Every structure is written in structure tokens, then in C-alpha cells.
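Everything below concerns the one structure shown next.
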Amino acid sequence: MMNRCTGQISSEEATNKSNGNEPRVAHPLVLSHFQAKPLLDARKRGLERLRSSSDLGLSESEAVLDENGAEFPGLGRVGWNDLEKIAESGTSCFALGDGGMEKIQAFSEATGRPVSLYPTPGAPTVLVAGRSMHRIKGTDPWADTIQKIKAVEPVTGRVLDTTTGLGYTAILAAKTAQRVDTVELDPVVSEIARLNPWSRGLFENPKIVRRIGDSFEVADDLPEAAFSRIIHDPPEFALAGGLYSLKFYRKLFRLLAPGGRIFHYIGNPESASGARNTAGVAKRLAEAGFARVKACPAAFGLTAVKGARGFKEK
């Protein structure tokens, strides 16, 4: 087993951690080139202090610069050689701790795919087989997730997040929901999220219930009509075709409470493939029983409701 995501991590280890059986550990310094380059520039200018981030831009504190590197008081130190290596990598995030510096990446035995944390000017995204699991063109993953949450506001009651990923959906939904059930297929993705500063709420918020498994199968074990909101943000069809199927939509319909709402992320509706996929998804959602299927361009998806006698959508 690895201390960081640079190799293979067993499914058993990640499943135990997802159930809350792991010891609490200090958060490592996590940096990308977005943080390293300003520190190196400050050194060249002879500065002794600089407001910087030790957690991928989530927060800022004052770093003390000396001949040995940059020290974040109370958090740790990173040497100049390590900062130069981080600055040269525009596609990786690095965790720094007692064991040294390592890229946050791993190979998943469960899916046979490489997984890595990819930096952006805001919150990072996760790459699965080289594909970004969030929108990063013209936005950042956190802002992208906010749009998905807004699509089904107000987000209250019990919420189902069908694909955890880095946990941004679960974290934001839990701000107003009573409980969020979130499901992740790949234990390695959960380990990547554990090292992502922006994902800390996923592991620390008691309102979030984490599950490891295939949403297609996990849905069968969830209670009928228990969820007031469902946020379905699957990977692209090539990676998760079953999560776009009529059979799965019928499962989601069973789980949604009467009057509840669902958001389904699809992709850019203005692209040829996006338009085609949107039409197919809308048709299958209606066949599954959902009503008022509507486009939500700002969130690159569709919304729908589960109708009920006497229910009037607000």
C-alpha cells in the first residue's frame, strides 16, 4: 500500500477508508505549477515573504523564503529544487510530506485506467484515462459544479450524487441538504480525492455518506422514493455507457421522491455529439417516467421532475 497515489492501491484499503475507518492524519502540502512559479519568482526578486497557497489555491498564508526553500509556518517546508520540478510540470499536482515529494497519480486495478489530479487556476480536476471529469475550458471544476447545483435548487432533504469523483457535488449539496449519499466506482479515485485539499469536506462532513460501488448496482439497494434531489454527473458515454441507459434511468426514477428533481450532466449542447446525446437522453428520461425534461445550458445538462398528483413545480 502506498502513502500517496503514485502506485496501486488495493480496493480493500480504499473501501475501508470510505467507510470512515481510517485514522485522521495531518494534511500534506499540495502544490502545482500555479503555486510554485510565483515562489520561484519571489526568490529571484530577493523577497523574504510571500502570500502563497499550500493547498492548490484553496487558501493563502504567508510563506517565509530563505536559502533552503519556502516554509509555510505550522504546515511544512518545500525546497527550491522541489519547487523547480513542480514549476516545470504543468499537468501534475504534488503532495509533499515526510516521505518526500510525489505526484498525485495512480493506476486503478479496478478499472485498468490511470488516474491523476490535474491542476487548474481554481479547483483541480481528476483525469481518468487522460479525460477530464470536469469542465475546465472557460470555467473551473468548482464553478462548473455550482452550476449543476443551481440547476436543481433548492437542494434540500436527502440527495443522491451518483458519481462522487473529487466530491465537489457532494460537498456543495451538503451545504443545504440534510444528507448526501454519494457513490464512487473506483477506490483509487477516492484516494486521489483524499489528497486533494478541495475535497476535504467529502471526508469530514458527517452529512455525507460515501459508498464505493457501481451506481448501476448500488441503486438497487437504496430505498424507494427517498431522495428529493438526484445529481447525475456520469463520465462520458465511452467510459460509463450503462449510466446513460433506460434501465438505469428507471432505477433513478424509483429512487426519486414524488415532486423531486434530477439533474443529468451530458456535455456541450452546442457540439454535434452533445446535441445528439442530449436528444437521446431526453427521450429515455421521458420513457423512464420523468416529466418536464428541460435543457439547462449553463450546466451542460438536463433537468426533469418526478410528477405526482397534486404536485406543482415551483
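Between Ala298 and Asn268, what is the spin-label point distance in nm, taking each point 7 Å from the Cα along the Cα→C-beta axis?
So the label points at Ala298 and Asn268 sit 2.1 nm apart.
Which value, in debye to the nearest 20, gives the size of the charge dipole of the chain about its Cα centre, when Lys and Arg are +1 and Asp and Glu are -1 at the Cβ?
The calculation lands at about 1640 debye.
Using heavy-atom solvent-accessible surface (probe 1.4 Å) with all chains present, what is the largest-first order of Arg49, Arg211, Arg292?
Heavy-atom accessible area, descending, gives Arg49, Arg292, Arg211.
So if a site counts as exposed when it's one of the GluC sites (Glu not before Pro), its DSSP state isn't H, G, I, E or B, and it has at most 12 other Cβ atoms within 10 Å, what's the longest stretch of the chain without one?
68-223
Classify the stretch 15-143 as rounded, prolate or oblate, taking a ≥ b ≥ c as the square roots of the eigenvalues of its Cα gyration tensor: rounded when a/c is under 1.5, otherwise prolate if a/b is larger than b/c and oblate if not.
Prolate is the answer for the stretch 15-143, as a/c is 1.5 or above and a/b outweighs b/c.
Considering only protein heavy atoms, what is the solvent-accessible area of His27 at a probe of 1.4 Å, reported in Å² to the nearest 10?
Approximately 90 Å² for this residue.
Which distance in nm do the two modelled labels at Ser89 and Lys175 give, with both placed 7 Å along the Cα-to-Cβ direction?
My value for the distance between the label points is 3.1 nm.
Relative to the Cα centre, what is the charge dipole magnitude of the stretch 34-81, using +1 at the beta carbon of each Lys and Arg, -1 at the beta carbon of each Asp and Glu, and rounding to the nearest 20 debye?
Computed about the Cα centre, the dipole is about 180 debye.
Could you work out the per residue convex hull volume over the alpha carbons of the stretch 253-305, in cubic angstrom?
Hull volume over Cα atoms, normalised by residue count, gives 64 Å³.
Could you rank Lys306, Lys103, Lys247 by how accessible they are, 1.4 Å probe, largest area first?
Lys247, Lys103, Lys306
Three principal axis extents, largest first, for the C-alpha atoms of the stretch 198-282, in Å?
Each principal axis gives a Cα extent; for the stretch 198-282 these are 42, 33, 23 Å.
Give the calculated FRET efficiency between Arg276 and Lys150 to the nearest 0.05, with a Förster radius of 25 Å applied to their Cβ-Cβ distance.
0.50
Suppose R0 equals 51 Å. What FRET efficiency, 1/(1 + (r/R0)^6) with r the Cβ-Cβ distance, do Glu224 and Arg51 give to the nearest 0.05?
0.50
Compute the separation of the alpha-carbon centres of the stretch 139-162 and the stretch 27-99 and state it in Å as a whole number.
Here the two parts' Cα centres lie 32 Å apart.
Rg to Rh for the stretch 85-225: what is it, with Cα atoms only and Rh by Kirkwood?
0.98
Using a 1.4 angstrom probe, figure out how much accessible area the chain has per residue, in square angstrom, rounded to the nearest whole.
I get 47 Å² per residue for the chain.
Starting from 0.36 nm per residue, how many nanometres of slack lie between Ala291 and Ala143 once their C-alpha separation is accounted for?
Extra length available between Ala291 and Ala143 comes to 50.5 nm.
Looking at this model, which pairs from Lys148/Lys283; Lys207/Lys294; Lys44/Lys85 are more than 26 angstrom apart at the alpha-carbon?
Those over the limit are Lys207/Lys294.
Tell me the angle of helix 141-150 to the major Cα principal axis of the chain, expressed in degrees between 0 and 90 and rounded to the nearest ten.
30
Treating only the Cβ of Lys, Arg, Asp and Glu as charged (+1, +1, -1, -1), what charge dipole size does the stretch 58-156 show about its Cα centre? Round to the nearest 20 debye.
780
Just to make sure I understand: if all protein chains stay in place, what is the order of Lys283, Lys148 by accessible area at 1.4 Å, largest first?
Ranking Lys283, Lys148 by accessible area, largest first, yields Lys283, Lys148.
To check you understand DSSP bridge types, tell me what percent of the beta bridges within the chain (both residues inside) are antiparallel, rounded to 5.
Bridges in the chain are about 65 percent antiparallel.
Rounded to the nearest 500, what is the 222 nm mean residue ellipticity of the chain from helices alone, with -39500 (n - 2.57) per DSSP H run of 4+ residues and division by all residues?
-8000 deg cm²/dmol
How much FRET efficiency would the formula 1/(1 + (r/R0)^6) give for Glu67 and Asp98, where r is the Cβ-Cβ distance and R0 is 25 Å, rounded to 0.05?
That pair, Glu67 with Asp98, gives E of 0.70.
For the chain, with all protein chains present and a 1.4 Å probe, just round the carbon and sulfur fraction of the accessible area to a whole percent.
Heavy-atom surface of the chain belonging to carbon and sulfur, 1.4 Å probe: 49 percent.
The values are calculated or read from the model by the stated rules, or taken from the named source; none is laboratory data. Just so it is clear, the structure is predicted and the values come from calculations on it, not from any experiment. Quick reminder, even Gly has a Cβ in these numbers, built from the backbone with ideal geometry, and neighbours come from all protein chains shown. Protein only, heavy atoms only, side chains kept; ligands, DNA and RNA dropped before computing areas. Shrake-Rupley method; radii C 1.70, N 1.55, O 1.52, S 1.80 Å.
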